[in-house]
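Derivation of every value follows stated rules applied to the coordinates shown; laboratory data play no part. Since the structure is predicted, the reported quantities are computational estimates derived from the model, not experimental observations. Reconstructed Cβ throughout: ideal geometry from the backbone, glycine too, with neighbour counts over all protein chains shown.
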Amino acid sequence: MSTQETITLDELAQLRENLRDLRRTIASRRRQLNRDRTIGIVEFNQMIASEDLISDLIDAIDDEIFSSIIVDLNQGAARLQTAIDKSNEAIAQLQKLNNILRYINLIIGLVQNILSIANTGDVAGIAIILDQIDQLPKTE
Amino acid sequence: MPSLSKLFKLIAFASPIALITIACQEDLTSVEKFGTTSVSIQETSTKMIQDIYDSCTRKEYVQIQYDNARKMAAPRAEITIPSSAAMTNPDNPRDSLPASPNLASLKPRFNLRSSPYEFPPAKMRFKCLPKRNQAQVMQNMNDVLAIYVATLGRLASPNTVTFDQNLKAIGESIKSLNKEVRGSISSPTPEALQTFDNGMNNGINIATSLLNLFANQQRQEKLKPIIICSNDNVTKYIDDLQKLIQLFYITGVLKEEEDVNLQYIEELYSSYLADTSASKPETKTEVYMLLENDYRQRIDGIEARRASAQAYINILEKTSLTHKALAKTFRGDMAPADQKILCQNEGYILGTSLQQSSLDLTPQQVQKAQQILSDYEVSIQPSLKVLKKTFR
């Protein structure tokens, strides 16, 4: 039976802080030894290399923290998107109602112009009617 | 006067309807304001997120200086010149490092805050590319929350869809049509026309009120289940976003920038202490003060950004609490089983055991919601001020 241990975000953050402490300690020790002139170039460079290695580890932990949280946020974003879609859908429904009113107004205008042509016999008005018909919604 | 009598009857009928409809139109504009405030916060937080990349380039710049300082402090004398040829500019005194730190050379070199970050060299840009991509992802996640809140605001706003203009136009058209119809039959008296106009105006007013009432009910019917049913998701999402800012930006990126700056300054001070060859007209205290001053200057900016990021976390916390409080208010005494039905049916209650009235907001609920949102507006102001101060 094997158990897979997972590390929590807080533990990762703590590990990162511990590594920073270690890096500071190494740097501080390196400086002290250098001031005391009790360190050779090889050891000095090794200590610098270890500081840089710790920096790389810290970077890797940063990336791990980022990825872990982003996985959760991605899932959450999909759920929020559903709520956003519903809100937009409701707004679109109200907009549809408003469009119907606009079309009613267009139809009244159309009828009025037809009557006007019938009353006056002004056939030039037909162009206006055709323009109004063009503004009416097309069947989708 | 039969037409006048009809008119009186119409007015007598219209008045109570108009009063009822006005009374029933609960004002949801406070939710709209919730949306507009969030948009303003989002604009500012965008700049904060962009700082993830900027902080990386600043850190890389100091890292190069730190590398050079370490090389110069090495036990051997034959130290090579900085390898970062890409970033050094021989014409710029700030970019040329002295063999050892002394008071005269520190002054110009430490004036780093203004220009170098404006043009991160290619090497630093390349190294910070992952951070730029991460900032972009974080920006997208931040935007999702902002869009959610802004959409709630749009849905709640009576200004998003208004019927007044179209109904007024219909009224004018009908009056005009009436004249056309009468013109083709007989000449109407001015009184008859006036009566018709009055009746038409009343009719349009009633229609406007009814349609606005209908729209308001529609808004409430949608808004209520959206806020109730998405509450757990929203609060979890905000919690994750807060974690990301805290663990990735504040204690990650910014902390690293701060650490590299500190290490660099300590390296310089240590080198100064170790340097016995050069004559030292300055005292240790003077050099220490100078370095301390420079460190303070560098850290001030980081601390301001940290404080602003913390302020943004506080705003997110208040937003989460406000959403929770709104959901609780809108839920009212709804039984958990009913809430489950409501959310499973995605807000549609047709064919369920729920009553249509359960979707309506009571005046008390609207009043309470307004109070919650008004408290929210007040409570976020100090944090918003801090956030805007740094990320204008």
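Lys and Arg at +1, Asp and Glu at -1: add these up for the other residues within a Cβ distance under 15 Å of B:Ile238 and post the number.
Charge balance near B:Ile238 sits at -1.
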With only alpha-carbon atoms in the gyration tensor, what are the semi-axes of the equivalent ellipsoid for the stretch B:202-257, in Å, largest first? 47, 14, 4
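Give me the net charge of B:Leu321's neighbourhood, meaning all other residues with Cβ under 15 Å from the Cβ of B:Leu321; Lys, Arg count +1, Asp, Glu -1. Don't skip to the answer; put the middle values down first.
Working: positive: B:Lys236, B:Lys318, B:Lys324, B:Lys328, B:Lys368; negative: B:Asp232, B:Asp239, B:Glu317, B:Asp375, B:Glu377.
Combined, the nearby Lys, Arg, Asp and Glu give 0.
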May I ask for the net charge around A:Ser87, where only other residues with Cβ less than 9 Å from the Cβ of A:Ser87 are counted and Lys, Arg are +1 while Asp, Glu are -1? +1
Selected from A:Asn99, A:Asn119, A:Asn45 as most flexible by GNM, with chain A as the system and alpha-carbon contacts under 10 Å: A:Asn119
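How many partner chain Cβ atoms sit within 10 Å of a residue's Cβ in peptide B:232-242, on average, as a whole number?
Values: counts 1, 8, 4, 1, 5, 7, 1, 2, 10, 4, 1.
Counting other chains' Cβ atoms within 10 Å and averaging over B:232-242 gives 4.
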Quick one: which of B:240-252, B:367-379 comes out on top by average Cβ neighbours within 10 Å, and what's the full order, highest first? B:240-252, B:367-379
Spelling out what I want: for every residue of the stretch B:245-259, take phi, set θ = phi - 60°, compute 6.51 cos²θ - 1.76 cosθ + 1.60 (Karplus), and round to whole Hz; glycine and proline get x. 5, 5, 7, 9, 8, 5, 8, x, 4, 5, 5, 5, 4, 5, 4
Pairs of alpha-carbon atoms within less than 8 angstrom and 6+ residues apart define the contacts here; what relative contact order does the stretch A:9-135 have, in percent? 21
If I take R0 = 30 Å and measure r between the Cβ atoms of B:Asp239 and B:Asp360 in this structure, what FRET efficiency does the formula 1/(1 + (r/R0)^6) give, to the nearest 0.05? 0.45
Can you give the average number of partner chain beta-carbon atoms within 10 Å of each beta-carbon in peptide B:335-345, as a whole number? 0
Using the membrane-span-like helix rule (whole DSSP H runs, Cα extent along the own axis of at least 15 Å, mean Kyte-Doolittle hydropathy at least 1.0), which helices of chain A qualify? none
Setting aside same-chain residues fewer than 8 positions from B:Lys328, which aspartates and glutamates have a Cα under 13 Å from its Cα? B:Asp232
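Taking every pair of alpha-carbon atoms in chain A, give the share separated by more than 22 Å as a whole percent.
Within chain A, distances greater than 22 Å cover 71 percent of Cα pairs.
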Most to least packed among A:127-135, B:61-69 [average Cβ atoms within 10 Å]: B:61-69, A:127-135
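Averaged across the residues of A:19-31, what count of C-beta atoms belonging to other chains lies within 10 Å of each residue's C-beta?
Taking the mean over all residues of the peptide, I get 3.
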